[in-house]
Amino acid sequence: MTAVIQALDAFEILDSRGYPTLRVVARLDNGHAGTASVPSGASTGRYEALELRDGDMMRYGGKGVLKVVSHVNGIIRNRLVGMAVSPQEPIDTTLIVLDGTENKSKLGANAILGVSMAIARAAASAAGVPLYRYLGGASATRLPVPMMNVINGGRHAQNSLDFQEFMIVPHGAPTFAEALRYGAETFHALHDLLHRAGHSTAVGDEGGFAPDLRTIEEACELIVAAIRKAGLRPGVDVALAFDPAASSFAKDDKYVFAKSGGKTLSRDELLYNRLLEVYPIVSIEDGFAENDWDGFRLQMAACGDHIQIVGDDLYVTNPRFIRRGIDSRATNAVLIKLNQIGTVTETMKAVQMCRDAGWGYVISHRSGETEDTFIADFAVAMGGGQIKAGSLSRSERLAKYNRLLEIERELGPAAIYESPFLTH
Ligand code: PGA
Ligand code: ZN
């Protein structure tokens, strides 16, 4: 017999930046339970589902989530108690209807997502299977290739870099465990190179270094040198990827590199062609602003046949925007963030659209994270072979990687680790 939801309990916890977020515990009538914590972004897309905060300046600078807690422990609990814990879709539909707004602003996307994830976990527990198996079925055996953000800039660090994320991608490793070693050894080599050059080795929000480098090229040179210093081959064992998060430095129809000295580029000048010629880059995310669809299409025409072009703020994991992207060939991949859309079911629908279009998809953390490892299981469940979970420091990032090590071990010889990238 399917287990029934008996209780929901939400409370305020702190995320990796020390700001409040939500933890939800879902308890079932058969004694099983599931817990989930909600992440929070800094460079959020304009059309993301709404993260509701108290606005009470006497607590956490207005960032408290007690209102959201009361929504879970009141109206949501009253509606969901007594419902079957699975399948997931009726639960999520009930939450969407109960909220009744386009962007989940009445109950808060943070309330809705916390409940949605906690219930999925409780259902997996009641079914006696790991979360990746519950959500992905028996074919969920593919470990994701990680995109590891080893140099932080943009809104994630107080330094001179306008690009938000410089990532390493150990796509040539034979297993996930080896990929993690490639990543960690490159990260440590990068530490030594920065230190020797007199740069800061302090880290930004996602655990990557946040040095005051002069140019994008200098960051790329250092990363390539670090890959070599770690005894690995740039482009073969470990490639590069960027998330410029260009919305954060777009002004009108121009791109202004304010943090690094004020250079202004047009869409055509920004195009990344020179970087792509010089460095082994496999993926660029949000290379243009969230409203610059022409910029994305230009980039697709220039290099979409051999580089992954990812939309993050452009799509905000919303099937409506992803449909527009597919129809207009704006990119060939989508960044997938559960809290941009707000339920597990809608996120899975976004992934399904990518699959149907033959597009790539990257399951992603947020810059504000917790020790929750939901996205590690989710990445294996969705099987797209890519995750973006931060650098090789800060335990809220490593928690995801450590969970993937656990999953790989559990899968044994059935585990698959394969590059999802077009070789170039
Ligand atoms: P955010 O950044 O979590 O601060 O939005 C992550 C990203 O842009 O991919
Ligand atoms: Zn992004």
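The values are calculated or read from the model by the stated rules, or taken from the named source; none is laboratory data. Please read these numbers as outputs of a predicted model, since none were measured by experiment. Note that each Cβ is placed from the backbone with ideal geometry, even for glycine, and that neighbours are counted across all protein chains shown. Keep in mind that these areas ignore ligands, DNA and RNA; they rest on the heavy atoms of the full protein, side chains included. Shrake-Rupley method; radii C 1.70, N 1.55, O 1.52, S 1.80 Å.
Put simply, of 197, 189 the only residue that is without any contact (Cβ under 8 Å) to a residue 40 or more places away in the chain, in the same structural domain as residue 377 (by TED's automatic domain parsing) and either within 16 Å of ligand 2 (Cβ to nearest atom) or more than 24 Å from residue 413 (Cβ to Cβ) (or both) is 197.
Considering segment 22-81, the residues that are open to solvent by 20 Å² or more (accessible area, probe 1.4 Å) and at positive phi include one that is farthest from ligand 1 (Cβ to nearest atom), namely 31.
Checking every residue in segment 324-338 against the condition of being within 16 Å of ligand 1 (Cβ to nearest atom) and in contact with an Asp or Glu (Cβ under 7 Å, 6 or more places away or on another chain) gives at least one match. The single residue among 109, 122, 138, 177 that is open to solvent by 10 Å² or more (accessible area, probe 1.4 Å) and under 30 Å from residue 5 (Cβ atoms) turns out to be 138. Inside segment 180-201, residues that are surrounded by fewer than 24 Cβ atoms within 10 Å (Cβ to Cβ) and either over 21 Å from residue 401 (Cα atoms) or among the β-branched types (Val, Ile, Thr) (or both) make up a count of 10.
In segment 302-316, the residues that are within 20 Å of residue 145 (Cβ to Cβ) and free of Cβ contacts under 8 Å to residues at least 60 places away in the same chain reach residues that are open to solvent by less than 10 Å² (accessible area, probe 1.4 Å) and more than 16 Å from ligand 2 (Cβ to nearest atom) with C-beta atoms within less than 8 angstrom, at least six apart or across chains, in these pairs: 309/303.
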